[in-house]
1. Any idea what the dipole of the stretch 140-201 comes to, in debye rounded to 20, about its Cα centre with Lys/Arg Cβ at +1 and Asp/Glu Cβ at -1?
2. Decide, for the stretch 82-190, between rounded, prolate and oblate: order the square roots of the alpha carbon gyration tensor eigenvalues as a ≥ b ≥ c, take rounded if a/c falls under 1.5, and otherwise choose prolate if a/b is larger than b/c, else oblate.
3. For ALA282 and ALA157 in one chain, what is 0.36 nm times their gap in residues minus the Cα-Cα distance, to one decimal in nm?
4. Ignoring ligands, DNA and RNA, what accessible area per residue does the stretch 270-378 give at 1.4 Å, in Å²?
5. What is the magnitude of the charge dipole of the stretch 290-403 about its Cα centre, with +1 placed on the Cβ of each Lys and Arg, -1 on the Cβ of each Asp and Glu, and no other charges, expressed in debye to the nearest 20?
6. For the peptides 438-447, 117-126, what is the packing order when you average, over each peptide's residues, the other Cβ atoms within 10 Å and list the highest mean first?
7. For the stretch 302-460, which whole percent of the accessible surface, found with a 1.4 angstrom probe, sits on carbon and sulfur atoms?
Amino acid sequence: MKPPMTTENAKYSRRAILKRLGIGAGFLPLLSTGWSRGATAATGYPLRFIGITWTDGICPPDFYPTGAAGPLSAPLPFSLTPLAQWSSKLLLMRSATKQTSPIDINVMIDLGAPYGGHFTYPALFTGAVSSPNGTDEVPTVTATAPSIDQMIADNLASRAGLANTQLNVGCRPYGSSTSWRSGGIKNTSQTDPYKLFTSLFGMTDMTATQVSALHARRKSVLDFVGGELTNFSKNLGTDDKVKVQSHLDSIRALEAQLQSSGMSTPVCTPPSITPTGLNFNAITNYPAHVTFMADLVAAAVICGKARAVTMDLIDNGGGNSLTFPWLNIPSPDFHAIAHQGSTNYDQKSVIDQWFYQQCVAEVVSKLAAAQEGNGTVLDNTVILVANDMNEGAGHYVGNIPYLLIGGGGGFLKTGRLVTFPKQVPNNYLLTSILHAMGMTDMTGVGDPKYAGDIDAQLTT
């Protein structure tokens, strides 16, 4: 969270120092361009978060690897086979004693709704909810805190001066949302890929010559401000020098990024969203809908147009009426198949695998192909794949099958299965994701009684 502005630290705020140097406030954005704490990886490249969610749980035998903790071995479980090419970028979490997830949504259980899986979207990324009647049959569960995508975007705005870094999209959310601006206020998803394309890429980008000229102007200003700050700090005491040094560090990080950006930033190519004019209320167009949104999310992240993203693929109610004729599963609908539990894992696993292929692998492939320095955009991204329940027949809100993909700028140690000796609240996972995003001062997310993290398990 942003620290309070006291009289002492206000004296050495970016704005105050620029004023004392005789430099106008117009230079302020150049000290707030995203390369400060909580905005970049150790390599200096931007950190990004993407949350991808759908409903009706998973089929545990086709999702969790067997065996002991350690490096992932081929083949991956059936549902995850579309990600085999990027297995070194996966981080799977499993109980040490059984084929289930170690992550519980404790705040839903606290409501008296242990089987309220179809109402958990508000809790998946917030870790804090309320319900008027506190039962698993009341579809009025509301988040009482912001979701982590909102927290990341707010952090980028307050600490790095970056606005409009958040993107919330959906394919059939029907009012459901995993993204919440604050308690009681959810963020609305854009569900029309044509409109999303226009909002993201409707303006003409600068030419290479214009970009080079902009970099040169910014570097000239940074050289001047850096020199003035160095001279200014010579007359300060030790404590004050430390405060000014933090501004110098931000300038030097930005200079390094500008020097490397000409040859190492990823190529920004808007995706092809064709054909046009599709009716996305038609089930037959659902595959195109998902692919379009996946491609737009990937492009938005690669092109620097979004840093905190959520993508809700189905409503929290179970995907009623959604069938999969392209998988030779024309009936029953997704919700009904999930309710059949283990008696119909054959069809349910095929559908689960399709989601990983059509959406998750689509995003991952694009980020993994976008070179960024000695790594890729995927290496500097955290993708969190989530579901609203553990398995479709029971609607249980414990053992939630979260999956992590991407390196988080080197924070996550991927390519392995991590096992947990006991269950932990999803709040711990959410806090660790914020740590991966550079927000290391966060001690908890959501309900304060579940403050804590699982950094040790995810990083070593």
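The values are calculated or read from the model by the stated rules, or taken from the named source; none is laboratory data. Owing to the predicted nature of the structure, the values given are computational and were not obtained by experimental measurement. Here the Cβ is made from the backbone with ideal geometry for all residues, glycine too, and neighbour counts use every protein chain on show. All accessible areas refer to the heavy atoms of the entire protein, side chains included, with ligands and DNA or RNA removed. Shrake-Rupley method; radii C 1.70, N 1.55, O 1.52, S 1.80 Å.
1. Details: 5 positive and 3 negative charges, 12 e Å.
Roughly 60 debye for the stretch 140-201.
2. Working: a/c = 1.75, a/b = 1.05, b/c = 1.67.
Oblate.
3. On the way: separation 125, 0.36 × 125 = 45.00 nm, distance 3.83 nm.
41.2 nm is the gain from fully extending ALA282 to ALA157.
4. Per-residue value: 34 Å².
5. Working: 4 positive and 11 negative charges, 43 e Å.
Dipole about the Cα centre, nearest 20: 200 debye.
6. Working: 438-447: 20.0, 117-126: 28.6.
Ranked from most to least packed, the peptides come out as 117-126, 438-447.
7. Numbers: 2380 of 4910 Å².
Ligands and nucleic acids excluded, carbon and sulfur give 48 percent.
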